1. Given all pairs of different Cα atoms, what value in angstroms does the Kirkwood hydrodynamic radius of region 44-149 take?
2. To the nearest 0.05, what FRET efficiency results for LEU74 and THR137 with a Förster distance of 30 Å applied to their C-beta separation?
3. Rank-order 52-58, 97-103 by packing density, defined as the average count of other C-beta atoms within 10 Å over each peptide's residues, highest first.
4. Would you please put 119-132, 60-73 in order of how densely packed they are, using the mean number of other Cβ atoms within 10 angstrom per residue and starting with the highest?
5. Which length gain, in nm to one decimal place, applies between SER55 and THR102 when the Cα-Cα distance is subtracted from 0.36 nm times their residue separation?
6. Which part of region 53-67 falls in the paramagnetic zone of THR94, meaning amide N under 20 Å from the point 7 Å along Cα-to-beta-carbon?
7. Based on the mean of other beta carbon atoms within 10 Å per residue, what is the order of 105-114, 136-145, most packed first?
8. Around VAL51, what is the net charge, scoring Lys/Arg as +1 and Asp/Glu as -1 over all other residues with Cβ under 15 Å from its Cβ?
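Values in this text are rule-based calculations from the coordinates and carry no lab data. Everything numeric here is computed off the predicted structure, so don't read it as measured data. Here the Cβ positions follow ideal geometry from the backbone for every residue, glycine too, while neighbour counts run over all protein chains shown.
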Amino acid sequence: MRIAPWSVSGALLTVAIAGCFGGTGSGLVGISGGNGDNGGSNGSAVLGFFVQPNSADVRQVISPAVEVVARDSLGNINSSFTGPITIGFASNPTGANLSGTTVVRPVNGIASFGNLAIDRAGTYTLQASASGAAATTSGAFSITTVTEP
């Protein structure tokens with residue numbers, strides 16, 4: 001626990017900071033626990049999509065490459081996280097197959113999936129997961145059938 005004293009109009013105000021902080025809404029990051037010197041940056045990694053999957057044609061590589069970032073409990077990129085990150089379908093209403101490299105070790109906290117493709121038209125979401133990290137789900141994206149003129 002940290003005790004932070006402040007003087008307010010001649011009176012001494014003491015604030016005790018401990019326990020869990022968190023919330024929802026724009027810009028708030030949950031913090032739990034702590035290691036005694038930096039407010040909790042030693043927690044598990046949290047995954048997020050650094051580059052969301054874009055729409056593509058059937059069997060065409062999704063471009064730009066889908067990227068997944070590992071962040072620490074303070075929201076900073078966890079450049080020391082090197083555990084393999086696996087990507088797969090979170091929603092797959094058509095029974096499609098995801099091809100390409102689906103397990104990648106991050107470099108400087110970011111895993112790049114540069115050759116993902118899907119073999120059926122539809123709307124999908126992807127999920128990224130890794131041991132010791134909270135999983136994440138992408139936004140929805142579409143795969144379309146190529147029509148010839």
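1. Here the Kirkwood hydrodynamic radius works out to 13.9 Å.
2. Between LEU74 and THR137 the formula returns 0.85.
3. 52-58, 97-103
4. 60-73, 119-132
5. 15.1 nm
6. Only 53-66 fall inside the zone, counting backbone N under 20 Å.
7. 105-114, 136-145
8. Result for the neighbourhood of VAL51: 0.
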